[in-house]
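Just below is one structure, and these are the notes that go with it.
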Amino acid sequence: MCPVHTASLSFSTPTALTATSFNKQNYFCLTFKRSSRRCCFPSFFLESPIFLRSKGRHYILVIRKQFWYNEKVLITCNLQSSVEEDSNTTLDKQQLPKDIYDFTQVESKWQQYWERNKTFQVPIHVDTCKPKYYVLDMFPYPSGAGLHVGHPEGYTATDIIARFKRMQGYQVLHPIGFDAFGLPAEQYAMQTGTHPAITTERNKERFRQQLKMLGFSYDWSREISTTDPNYYRWTQWIFLKLLERGLAYQDEVEVSWCPALGTVLSNEEVIDGKSERGGFPVVKKPMRQWLLRITAYADRLVDDLEGLDWPENIKEMQRNWIGRSRGLELEFPIVQEEENVKQLSLPPIRVFTTRPETILGVTYIVIAPEYSQLEHIASPTHISKVIEYRQRCLQKSELERKSDVKKSGVFTGSFAIHPLTKKYIPIWVSDYVLASYGTGAVMAVPAHDERDYEFAIQYHLPIYQVIDSDHQDRLPILDEGKICHWNDTLGISLDGTTCTEARKLLMELLEEQGLAKKKTYYKIRDWLFSRQRYWGEPFPVVFVNGQVVPLSEDQLPVLLPETETIHPAGNGESPLANMQDWLYIDHHGQVARRETNTMPQWAGSCWYYLRYIDPFNDTGIVDPLLEKYWMPVDLYIGGVEHAVLHLLYARFWHKVLYDLGVVSTSEPFHRLVNQGMILGETEYSLFRVKNEQETKPQNVQERWISAADVDLSSHSLKSDPNVSIEEVRISPDQVEKSGDVFVWKQNPCIQVFAKAHKMSKSRGNVVNPDEMIRQFGADTLRLYLMFMGPLEQVKPWNTNNVYGVYRFLQRVWRLFIPLMEASVAEHREPTFEQYKALHETIQKVTQDTEALRFNTAISSMMQFVNIAMKWTHRPKAILEPFVLLLAPYAPHMAEEIWEQIGKSRGTIAYEPWPTWEEKYLVEQQIEIVIQVNGKVRHAMKVNKDIHEEQLIPMAMNKVQKYIQGKQVKRKIYVPNKLINLVTSG
């Protein structure tokens, strides 16, 4: 049962309210006794105005006091204003008490001001003599769901930096646009008949509204969209340049085809054999596809990571994706056994290795199921089993093959000749070897490779150790130890040599003797650049007599055809194949057929940062002088989910444009930061035996089981895996913190399981930013998003903690009320301590903002407000600079305070950022410890330049009770640290 509280209102006509508290949501429900109407409001608003409606009237109530009496909460309220609901009169919010910050009115006012005055618009042709700062968000896709509170985290961070840099005198480019092509809009069109352009524009408008509600200082005049023909004209132009340079080509590719979606999916879009979106079955199918030769830039993409200010884990992810390996390629001749006669046949199997020092440990060869010569390698007696095995393997995705714990394989019936020992070693086929890397064949060294070892154990294959280790005594030995059992092979002795030394020697020796060739292999494959979709950029090519013919630049853009229905062609081609009037054109007197594939969504996001610089240029991608001024992007913030593909593709295109002379830098993004994910509110659970009819184990005395006793991976009891456990959700008000864990209030011996999950509609834990803004205001939401913790960390949402940030802003407002009232403005000279508090805050906020430590910068401002609220006198010279510090974080409030204290009738956005002075950071006082006979008895603060003659009497006075009646024989003074009084008796 929820407790019932009574609240009395001090109206001219007394009206009683009943308030019922809902602890889970921290809401009170108020009901007028004389009315059936009821209004709910968060309990934190007990310090704020409440807007109620009853019997056709609107009321503003201001809670004045809350106190307990006979276990009931009594609330005293004042009625500030009321109007008829159907009247044209609006509530006069100026009638609110001046000590309450009305965020709704203030935020609306300043957002309109910024838009009306184009406050953040930067002219295209800027003064290039000023220092620049280009801060960029990753290109947002305008989904139908709009933003949830996780999205504005990165946007808030870039906005703080943009505002900060403007105030530091930089010319700031902070643009926004939309990566608006994509599969969701096309699927929606197929389901509803609504054209993707209509859906996309509606979604873009929704995003605009939400972004503007948060007060982001974007230059909206530069807004771009990948669906705008004036934009994708230049995407098509870039493709033509790629085609000219041989970096775009067509090939028959076995692709992941999703019949339900009617399109090819990339490997990353396929999960467990199904499409990432929709969970539809995916099959392998050979199709004519466009590919981009990103492999031609693999070395540069790896090498140029070194000069970037990026998180090391992101660099490593890109290195691993490219997968550059330098090593040797060896040849293993093939032998087939027929009627006990060994015959050499077929080209040798080529094997790539980065560890030639293990070559004597090779005991078998493994080839991939897709290996081109597999059917010829398999002996007649084994061919049927080999083919059957290959068919089974081809049904699996690469991810499934990589993740299979149990290895499988089939002997081909053939052997290879070891190039050094000349021994026969068996050739096997197994799905743990992938044709997409290296040569599609590996030399198996089971004594020193985990996969090879497991396979050898499973199929009873020989294992030969060639490396000793001081740290491992069981196979497989994976450490880089010392070579053993080399046996003077190749006429050299390597026993006792380190792996590193042996590897270096053999890389040269094996090549010199013609036994191997140095090779570099890459995991990365050319970029599959075709999609079987309507809603994407058309390719600027046609086919004449089956040959690819690029269109000329004056024929760009190739527009998407207008259509009322979008359906797949049914033969693997995109819906464009259905649009005959568009499909066939006359090309110099010949019938030409357009390309029906469209470009992937990645295409438009590969170069958008350049178009922001010069969005209206109709003669080129970007003006060279403007590009040279603005590039590279100084700060790029976005989610870690784009760590590989988007960033890799954008870097590839940028390098191509660099080689073409279009851009002046070899890399697009100088500094990269990935914001951490914001999870939903922490969820709490208890555990109990799943079937209450089951006999409980002896060690389970109660129905409820502590989370510490549960195996969460199997949902069973740790002490008895046969006992199944079920999870029961409980509300946060049933939980309390005990040390490092949460416990159940009803029984603190029961540990509660607490976990925050990714926000999703299915879990019902999505937090809508619109609702947060309505309740708390945009500045509160901005501050809370940054105050939750370090920007890069994963953090759980907690609405209760938003209240604290809201109260902080209310305190800031109250701090400035005397200054906003000109008649009582404080102009007296600040004390040194006041200067010290200000300049310490300036230093901390400046340094933390520069380093993106927004949470600690906000903490410093909170500390300053706590100190300043205690001052009897609050000098204008101290408070005014604080508004400037607040401005990037809570821009609406800062603008309003700045105007109210008479500093400007314009905007605070371009006011100079305050600087700290070192003289105010010096400590004026020191702490002196006072000891009596070596024991600490007191500590006191004194001026740092105090003389010993003054200090000793002060110290003796402070410890009088310890030296009373005793003779002080010695007075030992350690300057600026301690005084020790040595007494007798």
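Coordinate-derived values only; no laboratory data. The structure presented is a predicted model; accordingly, all values stated were derived computationally and were not measured. Don't worry about glycine lacking a Cβ; one is built from the backbone with ideal geometry, like all the others, and counts go over all protein chains shown.
Rounded to the nearest 20 debye, the dipole size of region 97-164 about its Cα centre is 300 debye, using +1 on the Cβ of Lys and Arg and -1 on the Cβ of Asp and Glu. Evaluated with a Cβ-only charge set (Lys, Arg +1; Asp, Glu -1), region 532-591 carries a dipole of roughly 220 debye about its Cα centre, given to the nearest 20.
In region 544-661, the C-alpha radius of gyration followed by the widest Cα-Cα span (Dmax) gives 18.3, 51 angstrom. Each other residue within a Cβ distance under 14 Å of F139 adds +1 if Lys or Arg and -1 if Asp or Glu, for a net charge of -2.
The gain in end-to-end length when the Y910 to N313 segment is fully stretched comes to 211.3 nm, 0.36 nm per residue minus the alpha carbon separation. Restricting region 952-985 to trypsin sites (Lys or Arg not before Pro) that sit in a DSSP loop and have at most 15 other Cβ atoms within 10 Å of their own Cβ leaves K966, K977. Between K758 and G680, the built amide H atoms are under 5 Å apart, and every one of these is 5 or more places off in sequence or on another chain. Think of the chain as a dipole: +1 on every Lys or Arg Cβ, -1 on every Asp or Glu Cβ, centred on the Cα centre; then among I161, V135, L785, L785 lies furthest on the positive end. Ranking of E896, E840, E792 by neighbouring Cβ atoms within 10 Å, starting from the fewest: E792, E840, E896.
The lysines within cross-link reach of K517, meaning a Cα-to-Cα straight distance under 20 Å and a gap of 8 or more places when in the same chain, are K422, K504. Relative contact order of the chain: 11 percent, from C-alpha pairs under 8 Å at least 6 residues apart in sequence. With kT/(6 pi eta Rh) evaluated at 25 °C and eta = 0.890 mPa s, and Rh the Kirkwood radius from Cα pairs, region 925-983 diffuses with a coefficient of 218 µm²/s according to Stokes-Einstein. The C-alpha radius of gyration of region 481-586, expressed as a fraction of 2.2 N^0.38 Å, stands at 2.21.
Averaged over residues, the count of other Cβ atoms within 10 Å places the peptides 749-757, 102-110 in the sequence 102-110, 749-757, highest first.
Each of W535, W813 was scored by other Cβ atoms within 10 Å of its Cβ. Arranged with the fewest first, they read W813, W535.
Under 5 Å between amide hydrogens, built in the peptide plane, is the criterion, and for G438 it picks out Y522 among residues at least 5 positions away or on other chains. Let a ≥ b ≥ c be the square roots of the eigenvalues of the Cα gyration tensor of region 196-303; is it rounded (a/c under 1.5), or, if not, prolate (a/b larger than b/c) or oblate? It is oblate, given that a/c is not under 1.5 and a/b is not larger than b/c. Seen from A456, the other residues with C-beta closer than 15 Å to its C-beta sum to a net charge of 0, counting Lys and Arg as +1 and Asp and Glu as -1. Counting only whole DSSP H helices of the chain, there are none at least 24 Å long by C-alpha along their axis and with mean Kyte-Doolittle hydropathy no lower than 0.5. Projected onto planes of every orientation and averaged, the convex hull of the alpha-carbon atoms in region 878-985 covers 10.4 nm².
By the compact-protein rule of thumb, 2.2 N^0.38 Å, the alpha-carbon radius of gyration of the chain corresponds to a ratio of 1.20. Ranking G902, T849, T831 by Cα position along the charge dipole of region 769-920, where only Lys, Arg, Asp and Glu carry charges on their C-beta atoms, puts T831 farthest toward the positive end. Along the axis of the charge dipole computed for the chain (Cβ charges of +1 for Lys and Arg, -1 for Asp and Glu, origin at the Cα centre), the listed residues I678, F103, L243 are led at the positive end by F103.
Placing unit charges on the Cβ atoms only, positive for Lys and Arg and negative for Asp and Glu, gives region 325-521 a dipole magnitude near 440 debye about its Cα centre. The simple Förster model, with R0 at 45 Å and r as the Cβ-Cβ distance, assigns E948 and K870 a FRET efficiency of 0.85. Normalising the average separation of contacting C-alpha pairs (under 8 angstrom, six or more residues apart) by the number of residues puts the relative contact order of region 925-983 at 43 percent.
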